[in-house]
Amino acid sequence: MSESKLSRRDFLKLVRTALLTASGVIGLGGLLRFLSYQSQPAAPDEFDLGLASDYAPGSRTVLPQVPALLVRSETGFTAISLVCTHLGCTVESGPDGFACPCHGSRFDVKGNVVRGPAAKPLAQLRVQATPDGRLHLFVH
């Protein structure tokens, strides 16, 4: 009876080949996963806010989908971004202005910095009324 014995050298070649093949397959799988990544669509830069008549004069409406605060005064509409200019946290609206819950920045009712670490005021956003009476808010 002839028994085929695997020499030590042949065994090490077999193990090396198996490990290289396995690492190549794993690397190729990672590369395919990286190349097939689906990024999220870009956030919209225009929002339809509905009819202007839906907002009472003197009202302050938080728009969480933006996030922004829509203010209707006697002269028209203005909007202030609720994104803190320090690190991008969403600020909270209060009767005397805005407060960032992340790092303590404070802003007055017009969005100007009262206390840092934020150095820039909250962004003023453009609000436009259409001929049919609808409001559109532009983020950029």
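Summed over the stretch 97-129, residues that are touching a residue at least 40 places away in the same chain (Cβ under 8 Å), over 19 Å from SER59 (Cβ atoms) and crowded, with 19+ Cβ neighbours inside 10 Å total 0. Taken together, ALA79, ALA56 contain a single residue that is out of contact with any Ser or Thr (no Cβ under 8 Å at 6 or more places or on another chain), of a type in the set (Gly, Ala, Ser), more than 24 Å from HIS140 (Cβ to Cβ) and free of Cβ contacts under 8 Å to residues at least 60 places away in the same chain, which is ALA56.
Out of the stretch 4-59, which residues are among the acidic types (Asp, Glu) and modelled with pLDDT of 85 or more? Show your work before the answer.
Taking the stretch 4-59 as the starting set, the residues that turn out to be among the acidic types (Asp, Glu) are 10, 45-46, 48, 54.
Across the stretch 4-59, the qualifying residues are ASP10, ASP48, ASP54.
What number of residues in the stretch 99-127 are under 24 Å from ASP54 (Cβ atoms) and modelled with pLDDT of 90 or more?
Residues flagged as under 24 Å from ASP54 (Cβ atoms) and modelled with pLDDT of 90 or more within the stretch 99-127 amount to 6.
Of everything listed in (1) without any contact (Cβ under 8 Å) to a residue 40 or more places away in the chain; (2) closer than 24 Å to HIS140 by Cβ; (3) out of contact with any Pro (no Cβ under 6 Å at 6 or more places or on another chain); (4) open to solvent by 60 Å² or more (accessible area, probe 1.4 Å), the single unmet condition for PRO67 is (4).
The residues in the stretch 37-96 that are farther than 18 Å from VAL113 by Cα, in a strand (DSSP E or B) and aliphatic (A, V, I, L, M) can be counted, and the count is 6.
The values are calculated or read from the model by the stated rules, or taken from the named source; none is laboratory data. Worth saying up front: this structure is predicted, and the values here are computed from it rather than measured. Neighbour counts run over all protein chains shown; Cβ positions are idealised from the backbone, glycine included. Accessible surface is based on the protein model in full, side chains and every heavy atom, while ligands, DNA and RNA are left aside. Shrake-Rupley method; radii C 1.70, N 1.55, O 1.52, S 1.80 Å.
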